[in-house]
1. Does region 71-93 hold any residues that are in a strand (DSSP E or B) and buried (at least 21 other Cβ atoms within 10 Å of the Cβ), and which are they?
2. I want to confirm something. Restricting to region 267-287 and keeping residues that are in contact with a strand residue (DSSP E or B) (Cβ under 8 Å, 6 or more places away or on another chain) and not basic (K, R), which single residue is surrounded by the most Cβ atoms within 10 Å (Cβ to Cβ)?
3. Just checking, which of D36, D11 is among the acidic types (D, E), farther than 25 Å from R235 by Cβ and either more than 17 Å from the chain's Cα centre (by Cα) or part of a strand (DSSP E or B) (or both)?
4. Is it fair to say V259 is modelled with pLDDT under 95, farther than 20 Å from K161 by Cβ and among the hydrophobic types (A, V, I, L, M, F, W, C)?
5. Could we say that F133 is within 22 Å of I98 (Cα to Cα), among the hydrophobic types (A, V, I, L, M, F, W, C), in contact with a helix residue (DSSP H, G or I) (Cβ under 8 Å, 6 or more places away or on another chain) and part of a helix (DSSP H, G or I) here?
6. Just give me the residues in region 249-278 being in contact with a Gly (Cβ under 6 Å, 6 or more places away or on another chain) and of a type in the set (A, V, I, L, M, F, W, C), in sequence order.
7. Of the conditions (1) more than 24 Å from G236 (Cα to Cα); (2) surrounded by fewer than 20 Cβ atoms within 10 Å (Cβ to Cβ); (3) modelled with pLDDT of 95 or more, F124 clears all except one; give me its number.
8. Count, please, the residues in region 244-286 that happen to be in contact (Cβ under 8 Å) with a residue 40 or more places away in the chain, farther than 16 Å from D129 by Cα and outside any loop (DSSP other than H, G, I, E, B).
Amino acid sequence: MLDLHKAYFADHVKKLQDQITNKIREIDPEIEIIEDCWNREDAAGNEGGGGITRAFSGEVFENAGVNTSLVYGKADPEFIKRIGGTKDEFWATGISLIIHPKNPKVPTVHANFRMIQVEEKFWFGGGADLTPFYPHVEDFKFFHQTWKDALEPYGHYEAWKKKCDEYFVNKHRNNEMRGIGGFFFDHFNTGDIEKDVAMIQDISTYFNDSYFPIVEKRKDEAYTSEDEDFQLHRRGRYVEFNLLHDRGTHFGLQSNGRVDSILISLPARCKYTYRYAPAAGSAHEQMLKYYYPQNWA
(Lines give C-alpha, C1' and ligand atoms only; values in the text may rest on other atoms or scores of the structure.)
Protein backbone atom coordinates (compact mmCIF):
# COMPACT_ATOMS: atom_id res chain seq x y z
CA MET A 1 0.00 0.00 0.00
CA LEU A 2 2.80 2.44 0.88
CA ASP A 3 4.56 1.90 -2.44
CA LEU A 4 1.32 2.55 -4.30
CA HIS A 5 0.79 5.89 -2.57
CA LYS A 6 4.42 6.85 -3.09
CA ALA A 7 3.88 6.31 -6.82
CA TYR A 8 0.65 8.36 -6.73
CA PHE A 9 2.40 11.27 -5.04
CA ALA A 10 5.41 11.17 -7.38
CA ASP A 11 3.04 11.28 -10.36
CA HIS A 12 1.06 14.13 -8.84
CA VAL A 13 4.05 16.45 -8.40
CA LYS A 14 5.00 15.97 -12.07
CA LYS A 15 1.47 16.94 -13.12
CA LEU A 16 1.64 19.97 -10.84
CA GLN A 17 4.97 20.94 -12.40
CA ASP A 18 3.30 20.93 -15.84
CA GLN A 19 0.32 22.99 -14.63
CA ILE A 20 2.57 25.67 -13.14
CA THR A 21 4.82 25.66 -16.20
CA ASN A 22 1.84 26.18 -18.49
CA LYS A 23 0.66 29.18 -16.44
CA ILE A 24 4.13 30.75 -16.53
CA ARG A 25 4.14 30.35 -20.32
CA GLU A 26 0.68 31.89 -20.56
CA ILE A 27 1.70 35.01 -18.63
CA ASP A 28 5.18 35.36 -20.18
CA PRO A 29 4.81 33.93 -23.72
CA GLU A 30 8.40 34.57 -24.83
CA ILE A 31 9.97 33.07 -21.74
CA GLU A 32 13.03 30.91 -22.20
CA ILE A 33 12.77 27.50 -20.55
CA ILE A 34 15.67 25.15 -20.02
CA GLU A 35 14.47 21.66 -19.11
CA ASP A 36 17.12 19.42 -17.63
CA CYS A 37 16.37 15.78 -16.83
CA TRP A 38 19.05 14.53 -14.50
CA ASN A 39 20.10 11.41 -12.62
CA ARG A 40 22.14 10.96 -9.48
CA GLU A 41 24.22 8.34 -7.74
CA ASP A 42 23.60 7.48 -4.11
CA ALA A 43 26.34 7.52 -1.46
CA ALA A 44 27.41 4.00 -2.47
CA GLY A 45 27.75 4.88 -6.15
CA ASN A 46 24.54 3.12 -7.17
CA GLU A 47 21.67 4.52 -9.22
CA GLY A 48 19.78 6.88 -6.92
CA GLY A 49 16.94 8.43 -8.89
CA GLY A 50 16.83 11.90 -10.38
CA GLY A 51 14.52 14.69 -11.39
CA ILE A 52 13.33 17.31 -13.85
CA THR A 53 14.66 20.83 -13.45
CA ARG A 54 12.97 23.65 -15.37
CA ALA A 55 14.79 26.98 -15.33
CA PHE A 56 12.91 30.03 -16.61
CA SER A 57 14.10 33.46 -17.79
CA GLY A 58 11.79 36.03 -19.33
CA GLU A 59 10.34 39.53 -19.34
CA VAL A 60 7.78 39.06 -16.56
CA PHE A 61 9.69 36.41 -14.64
CA GLU A 62 13.35 37.41 -14.39
CA ASN A 63 14.32 33.96 -13.23
CA ALA A 64 12.45 31.00 -11.83
CA GLY A 65 12.79 27.30 -11.15
CA VAL A 66 10.08 24.67 -11.02
CA ASN A 67 11.67 21.36 -10.11
CA THR A 68 10.59 17.81 -9.35
CA SER A 69 12.71 14.99 -8.01
CA LEU A 70 12.48 11.39 -6.93
CA VAL A 71 15.66 10.32 -5.14
CA TYR A 72 16.55 7.27 -3.09
CA GLY A 73 19.27 4.89 -1.98
CA LYS A 74 22.21 4.93 0.36
CA ALA A 75 23.11 8.10 2.23
CA ASP A 76 25.62 9.26 4.81
CA PRO A 77 24.48 7.73 8.15
CA GLU A 78 24.97 11.12 9.83
CA PHE A 79 22.52 12.65 7.35
CA ILE A 80 20.01 9.85 7.99
CA LYS A 81 20.35 10.37 11.73
CA ARG A 82 19.56 14.07 11.32
CA ILE A 83 16.29 13.28 9.53
CA GLY A 84 15.23 10.64 12.04
CA GLY A 85 16.58 7.31 10.81
CA THR A 86 19.02 4.77 12.18
CA LYS A 87 20.24 3.02 9.02
CA ASP A 88 21.64 4.49 5.81
CA GLU A 89 18.81 4.57 3.24
CA PHE A 90 16.06 7.02 2.33
CA TRP A 91 13.46 7.82 -0.35
CA ALA A 92 12.04 11.25 -1.21
CA THR A 93 9.96 12.89 -3.89
CA GLY A 94 8.50 16.33 -4.30
CA ILE A 95 8.15 19.60 -6.15
CA SER A 96 9.99 22.79 -5.26
CA LEU A 97 9.56 26.14 -6.97
CA ILE A 98 10.78 29.69 -6.74
CA ILE A 99 9.66 32.58 -8.93
CA HIS A 100 11.51 35.92 -9.00
CA PRO A 101 9.57 38.45 -11.12
CA LYS A 102 11.30 41.41 -12.76
CA ASN A 103 8.82 44.11 -11.69
CA PRO A 104 9.33 45.09 -8.01
CA LYS A 105 5.57 45.53 -7.68
CA VAL A 106 5.19 41.75 -8.14
CA PRO A 107 6.17 39.57 -5.15
CA THR A 108 8.58 36.68 -5.21
CA VAL A 109 6.98 33.35 -4.30
CA HIS A 110 8.23 30.01 -3.04
CA ALA A 111 6.43 26.70 -2.57
CA ASN A 112 7.24 23.04 -2.14
CA PHE A 113 5.44 19.79 -1.37
CA ARG A 114 7.37 16.63 -0.56
CA MET A 115 7.13 13.10 0.79
CA ILE A 116 10.04 11.43 2.59
CA GLN A 117 10.55 7.87 3.78
CA VAL A 118 13.26 6.61 6.13
CA GLU A 119 12.96 2.92 6.97
CA GLU A 120 9.36 2.26 8.07
CA LYS A 121 8.70 5.94 8.81
CA PHE A 122 7.33 8.38 6.23
CA TRP A 123 6.01 11.92 6.36
CA PHE A 124 4.99 14.94 4.30
CA GLY A 125 6.22 18.52 4.37
CA GLY A 126 6.08 21.75 2.46
CA GLY A 127 4.23 25.02 2.22
CA ALA A 128 4.11 28.31 0.34
CA ASP A 129 5.21 31.82 1.26
CA LEU A 130 5.22 35.26 -0.34
CA THR A 131 8.01 37.83 -0.41
CA PRO A 132 6.68 41.21 -1.56
CA PHE A 133 8.71 44.35 -2.13
CA TYR A 134 5.92 46.92 -2.19
CA PRO A 135 3.16 47.44 0.41
CA HIS A 136 0.15 46.26 -1.58
CA VAL A 137 -1.65 44.99 1.51
CA GLU A 138 -4.59 43.67 -0.51
CA ASP A 139 -2.21 41.25 -2.25
CA PHE A 140 -0.95 39.94 1.09
CA LYS A 141 -4.52 39.36 2.21
CA PHE A 142 -5.41 37.64 -1.05
CA PHE A 143 -2.48 35.23 -0.82
CA HIS A 144 -3.21 34.28 2.78
CA GLN A 145 -6.95 34.00 2.23
CA THR A 146 -6.44 31.60 -0.67
CA TRP A 147 -4.33 29.30 1.49
CA LYS A 148 -6.66 29.68 4.45
CA ASP A 149 -9.51 28.49 2.20
CA ALA A 150 -7.36 25.53 1.15
CA LEU A 151 -6.29 24.53 4.66
CA GLU A 152 -9.27 25.29 6.87
CA PRO A 153 -11.32 22.22 5.80
CA TYR A 154 -8.48 20.16 7.28
CA GLY A 155 -8.08 22.35 10.38
CA HIS A 156 -4.46 23.36 9.78
CA TYR A 157 -4.34 27.00 8.70
CA GLU A 158 -3.64 28.70 12.04
CA ALA A 159 -1.01 26.20 13.19
CA TRP A 160 0.76 26.01 9.84
CA LYS A 161 0.71 29.79 9.39
CA LYS A 162 2.38 30.12 12.80
CA LYS A 163 5.04 27.58 11.80
CA CYS A 164 5.71 29.58 8.64
CA ASP A 165 6.02 32.83 10.59
CA GLU A 166 8.56 31.12 12.85
CA TYR A 167 10.49 29.29 10.13
CA PHE A 168 11.15 31.75 7.28
CA VAL A 169 13.06 34.09 9.57
CA ASN A 170 16.52 35.58 9.41
CA LYS A 171 17.25 35.16 13.09
CA HIS A 172 20.59 36.91 12.62
CA ARG A 173 18.61 39.98 11.42
CA ASN A 174 16.65 40.58 14.62
CA ASN A 175 14.11 37.90 13.69
CA GLU A 176 13.02 39.68 10.54
CA MET A 177 11.01 37.44 8.22
CA ARG A 178 12.14 37.12 4.61
CA GLY A 179 8.58 37.94 3.47
CA ILE A 180 5.02 38.06 4.80
CA GLY A 181 4.65 34.33 5.36
CA GLY A 182 2.11 31.81 4.20
CA PHE A 183 2.09 28.31 5.64
CA PHE A 184 4.68 25.66 6.44
CA PHE A 185 4.51 22.09 7.74
CA ASP A 186 6.91 19.22 8.23
CA HIS A 187 6.91 15.63 9.56
CA PHE A 188 3.17 15.43 8.92
CA ASN A 189 1.68 11.93 9.22
CA THR A 190 -1.71 11.13 10.76
CA GLY A 191 -1.27 7.39 10.30
CA ASP A 192 -3.81 7.30 7.45
CA ILE A 193 -1.64 7.48 4.35
CA GLU A 194 -4.55 7.50 1.91
CA LYS A 195 -6.09 10.47 3.66
CA ASP A 196 -2.76 12.28 4.00
CA VAL A 197 -1.81 11.88 0.34
CA ALA A 198 -5.24 13.09 -0.76
CA MET A 199 -4.99 16.14 1.50
CA ILE A 200 -1.50 17.19 0.38
CA GLN A 201 -2.45 16.70 -3.26
CA ASP A 202 -5.57 18.82 -2.79
CA ILE A 203 -3.76 21.64 -0.98
CA SER A 204 -0.95 21.80 -3.53
CA THR A 205 -3.39 22.49 -6.38
CA TYR A 206 -4.18 25.91 -4.86
CA PHE A 207 -0.77 27.30 -5.80
CA ASN A 208 -1.77 28.75 -9.18
CA ASP A 209 -4.82 30.43 -7.66
CA SER A 210 -2.81 31.90 -4.77
CA TYR A 211 -0.13 33.62 -6.82
CA PHE A 212 -0.70 34.18 -10.52
CA PRO A 213 -3.69 36.55 -10.11
CA ILE A 214 -1.31 38.86 -8.22
CA VAL A 215 1.21 38.63 -11.06
CA GLU A 216 -1.41 39.46 -13.69
CA LYS A 217 -2.63 42.40 -11.62
CA ARG A 218 0.81 43.97 -11.03
CA LYS A 219 3.15 42.92 -13.85
CA ASP A 220 2.57 46.02 -16.02
CA GLU A 221 2.63 48.61 -13.22
CA ALA A 222 5.20 51.38 -13.50
CA TYR A 223 8.09 51.34 -11.04
CA THR A 224 11.01 53.56 -10.11
CA SER A 225 14.72 52.97 -9.66
CA GLU A 226 14.10 53.25 -5.91
CA ASP A 227 11.56 50.41 -6.15
CA GLU A 228 14.11 48.25 -7.94
CA ASP A 229 16.86 49.14 -5.48
CA PHE A 230 14.68 48.03 -2.56
CA GLN A 231 13.77 44.82 -4.39
CA LEU A 232 17.43 43.96 -4.95
CA HIS A 233 18.31 44.57 -1.31
CA ARG A 234 15.43 42.42 -0.12
CA ARG A 235 16.53 39.71 -2.53
CA GLY A 236 19.85 39.85 -0.69
CA ARG A 237 18.03 39.00 2.54
CA TYR A 238 16.31 36.17 0.66
CA VAL A 239 19.71 34.79 -0.28
CA GLU A 240 20.86 35.00 3.34
CA PHE A 241 17.96 32.88 4.49
CA ASN A 242 18.29 30.29 1.74
CA LEU A 243 21.99 29.74 2.32
CA LEU A 244 22.07 30.00 6.11
CA HIS A 245 18.77 28.58 7.34
CA ASP A 246 16.72 26.80 4.68
CA ARG A 247 16.23 23.08 5.44
CA GLY A 248 15.43 22.28 1.83
CA THR A 249 18.75 23.69 0.65
CA HIS A 250 20.61 21.79 3.36
CA PHE A 251 18.67 18.57 2.66
CA GLY A 252 19.46 18.74 -1.05
CA LEU A 253 23.16 19.32 -0.53
CA GLN A 254 23.51 16.74 2.25
CA SER A 255 21.65 14.08 0.24
CA ASN A 256 24.03 14.42 -2.71
CA GLY A 257 21.47 16.36 -4.70
CA ARG A 258 22.20 18.34 -7.82
CA VAL A 259 23.76 21.65 -6.82
CA ASP A 260 22.50 23.73 -9.77
CA SER A 261 18.95 22.50 -9.20
CA ILE A 262 19.15 23.25 -5.47
CA LEU A 263 20.58 26.75 -5.86
CA ILE A 264 18.12 27.70 -8.59
CA SER A 265 16.20 29.25 -5.69
CA LEU A 266 18.62 32.19 -5.73
CA PRO A 267 17.69 35.37 -7.64
CA ALA A 268 19.54 36.31 -10.80
CA ARG A 269 20.35 39.71 -9.26
CA CYS A 270 20.59 40.99 -5.70
CA LYS A 271 22.39 43.71 -3.81
CA TYR A 272 24.15 44.38 -0.53
CA THR A 273 24.96 47.80 0.92
CA TYR A 274 26.45 48.29 4.35
CA ARG A 275 23.66 49.24 6.79
CA TYR A 276 21.14 49.70 3.99
CA ALA A 277 17.97 51.64 4.85
CA PRO A 278 15.26 52.92 2.51
CA ALA A 279 14.33 56.60 2.36
CA ALA A 280 12.42 57.90 5.36
CA GLY A 281 8.69 58.12 4.74
CA SER A 282 8.87 55.97 1.59
CA ALA A 283 6.68 53.02 0.66
CA HIS A 284 9.78 50.88 1.15
CA GLU A 285 10.21 52.02 4.74
CA GLN A 286 6.54 51.13 5.25
CA MET A 287 7.17 47.70 3.71
CA LEU A 288 9.79 46.93 6.35
CA LYS A 289 7.06 46.98 9.00
CA TYR A 290 5.32 44.05 7.31
CA TYR A 291 8.23 41.57 7.55
CA TYR A 292 6.96 40.38 10.91
CA PRO A 293 4.04 38.07 11.83
CA GLN A 294 0.60 39.55 11.20
CA ASN A 295 -2.89 38.21 10.67
CA TRP A 296 -3.56 38.72 6.98
CA ALA A 297 -6.52 36.45 6.29
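1. Scanning region 71-93 gives V71, F90, A92, T93.
2. In this case the residue turns out to be P267.
3. D11
4. yes
5. Here the answer is no, as F133 does not meet what is asked.
6. Those that are in contact with a Gly (Cβ under 6 Å, 6 or more places away or on another chain) and of a type in the set (A, V, I, L, M, F, W, C): I262, I264, C270.
7. Tallying (1) more than 24 Å from G236 (Cα to Cα); (2) surrounded by fewer than 20 Cβ atoms within 10 Å (Cβ to Cβ); (3) modelled with pLDDT of 95 or more, F124 fails exactly one: (2).
8. Total meeting the criteria: 9.
The values are calculated or read from the model by the stated rules, or taken from the named source; none is laboratory data. Everything numeric in this text was worked out from a predicted model, so none of it was measured. FYI the Cβ positions are ideal-geometry reconstructions off the backbone, even for glycines, and counts take in every protein chain you see.
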